Amino acid sequence: MTDGVVAADAAGLRRAAELLRQESVCVFPTETVYGLGAHAFSAKAVAEVYRLKRRPSWNPLIVHVASAADAEALAHEWPEAARRLAARFWPGPLSLVVERAHHLPANGGPSTVAVRVPAHPVALALLEECGLPLAAPSANRSESISPTTAEHVIRSLPDVPLVLDGGPCRLGIESTVVDVTVSPPRLLRPGALSLRAIRDVVGALALPGDPGPGADPTSGVRSPGLAHRHYAPRARLHLVDDPAVLAERAEDADPGTLGVLTHLPAAPPGAHVELLSADPLEYAADLYAALHRLDDAGVTTILAQAPPEGDDWLAVRDRLTRASAR
């Protein structure tokens with residue numbers, strides 16, 4: 001039975017928790033994006049997540065829990081870096097990859113598990129209500145734009161049993177994922193938490209592509225969000241470095257077919273323009289919603305002005321690069 005979108009009130013939370021305890025799934029908001037939640041260690045429930053999303057089996061899930069103590073209980077060991085990062089940033093948009101506790105089912109996956117404590121009050125209330133660790137990837141079809149509203153979820157996953165509506169997600173981009181099983185800790189996925197903030201706590205932080213521990217590609221995929229193509233709109237997205245080239249390509253487009261995503265005020269005329277903030281955090285918060293709006297406008301091509309270089313824009317650049325991949 002499909003309940004559809006429901007208010008995230010006491011009755012909605014009870015219904016969602018009931019579904020989760022029955023090894024079904026539901027969608028709930030976090031401060032990053034909406035997540036498709038399931039009992040993290042129920043093979044039946046997790047299989048339903050993969051089925052609904054059409055997610056490849058190699059792509060791991062992040063486990064959401066209500067507290068740092070709950071996260072530590074899922075780990076074989078809890079490194080000092082994990083303790084310090086959890087104390088500073090949880091609840092919040094940081095996922096930590098740790099060695100999986102021996103009593104947890106691996107189901108053929110890696111020896112590690114990614115965990116986080118979300119900051120959204122609805123997510124925390126649901127975790128308390130159901131009493132389960134929840135695997136919760138973004139609530140959308142695999143490779144497509146992540147959802148930041150309940151409406152986005154229903155468009156992408158119309159068959160999901162229930163969606164708790166908590167309004168638009170505040171941060172609008174997925175959590176930052178850091179592997180703390182290695183020294184120095186390694187960034188696996190840039191996200192809503194800045195690298196500067198993480199370095200302030202742990203000092204050195206290895207980046208994707210850096211040599212060293214945790215960089216072995218044969219060790220298994222330890223984080224979601226690493227697929228070559230991901231976060232993609234229906235329209236074909238192209239990253240454009242030179243504003244002059246963007247303007248030239250816009251002139252050649254048929255009327256009504258072109259969308260432009262930019263942080264620069266000088267946008268080409270005759271296109272559906274999404275002008276986002278020049279602040280990287282504000283840009284990230286509206287990125288997925290802007291891509292949804294361009295898809296809704298019916299454009300067939302999106303020209304995205306490449307964001308500036310540097311750590312502050314790393315997460316936005318990552319998402320646009322994967323969204324434009326073929």
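Which one of the conditions (1) modelled with pLDDT of 90 or more; (2) outside any loop (DSSP other than H, G, I, E, B); (3) among the small types (Gly, Ala, Ser) does Ala244 fail to meet, given that it meets all the rest?
So Ala244 meets the others, but not (1).
For region 264-302, which residues satisfy the criterion of being part of a loop (DSSP other than H, G, I, E, B), closer than 24 Å to His230 by Cβ, without any contact (Cβ under 8 Å) to a residue 60 or more places away in the chain and out of contact with any Phe, Trp or Tyr (no Cβ under 6 Å at 6 or more places or on another chain)? Can you show your working first?
Start the filter on region 264-302 by keeping residues that are part of a loop (DSSP other than H, G, I, E, B), which leaves 264-271, 276-279, 297-300.
From the residues that got through so far, the ones that are closer than 24 Å to His230 by Cβ too are 276-277, 279, 297-300.
Going one step further and asking which of them are without any contact (Cβ under 8 Å) to a residue 60 or more places away in the chain, we end up with 276-277, 279, 297-298.
Selection gives Asp279, Ala297, Gly298.
Are any residues in region 140-185 over 25 Å from Ala235 (Cβ atoms), touching a Leu at 6+ places or on another chain (Cβ under 8 Å), of a type outside the set (Ser, Thr, Tyr) and in a loop (DSSP other than H, G, I, E, B), and if so, which ones?
Once the filter is applied, which keeps residues that are over 25 Å from Ala235 (Cβ atoms), touching a Leu at 6+ places or on another chain (Cβ under 8 Å), of a type outside the set (Ser, Thr, Tyr) and in a loop (DSSP other than H, G, I, E, B), region 140-185 yields Pro161, Val180, Pro184, Pro185.
Does at least one position in region 107-122 carry a residue that is surrounded by fewer than 19 Cβ atoms within 10 Å (Cβ to Cβ), among the small types (Gly, Ala, Ser), farther than 29 Å from Gly4 by Cα and touching a His at 6+ places or on another chain (Cβ under 6 Å)?
No.
Got at least one residue in region 38-53 being more than 30 Å from Val201 (Cβ to Cβ), in contact (Cβ under 8 Å) with a residue 12 or more places away in the chain, assigned by TED's automatic domain parsing to the domain that holds Leu157 and assigned to a loop (DSSP other than H, G, I, E, B)?
yes
Report, ordered by the first and then the second residue, all pairs with beta carbons closer than 9 Å, sequence separation of six or more or different chains, a first member in region 1-29 that is touching a residue at least 12 places away in the same chain (Cβ under 8 Å), and a second member that is of a type in the set (Lys, Arg).
Cβ pairs passing all conditions: Asp3/Arg15; Val6/Arg15; Glu23/Lys44; Ser24/Lys44; Cys26/Arg15.
Tell me the residue from Ala87, Ala71 that is touching a residue at least 12 places away in the same chain (Cβ under 8 Å), surrounded by fewer than 20 Cβ atoms within 10 Å (Cβ to Cβ) and under 30 Å from Pro185 (Cα atoms), please.
Going through Ala87, Ala71 in turn, just one is touching a residue at least 12 places away in the same chain (Cβ under 8 Å), surrounded by fewer than 20 Cβ atoms within 10 Å (Cβ to Cβ) and under 30 Å from Pro185 (Cα atoms): Ala87.
Name the residues in region 70-105 that are in a loop (DSSP other than H, G, I, E, B) and within 22 Å of Cys130 (Cα to Cα), would you?
Correct list: Ala73, Leu74, Trp90, Pro91, Gly92, Pro93, Ala101, His103, Leu104, Pro105.
Output the number of residues of region 1-30 satisfying the condition of being modelled with pLDDT of 95 or more, surrounded by fewer than 20 Cβ atoms within 10 Å (Cβ to Cβ) and closer than 19 Å to Cys169 by Cα.
Within region 1-30, residues that are modelled with pLDDT of 95 or more, surrounded by fewer than 20 Cβ atoms within 10 Å (Cβ to Cβ) and closer than 19 Å to Cys169 by Cα number 4.
The values are calculated or read from the model by the stated rules, or taken from the named source; none is laboratory data. Just so it is clear, the model here is predicted, and its values are computed rather than measured. Every residue, glycine as well, gets a Cβ built from its backbone with ideal geometry; the counts of neighbours run over all protein chains shown.
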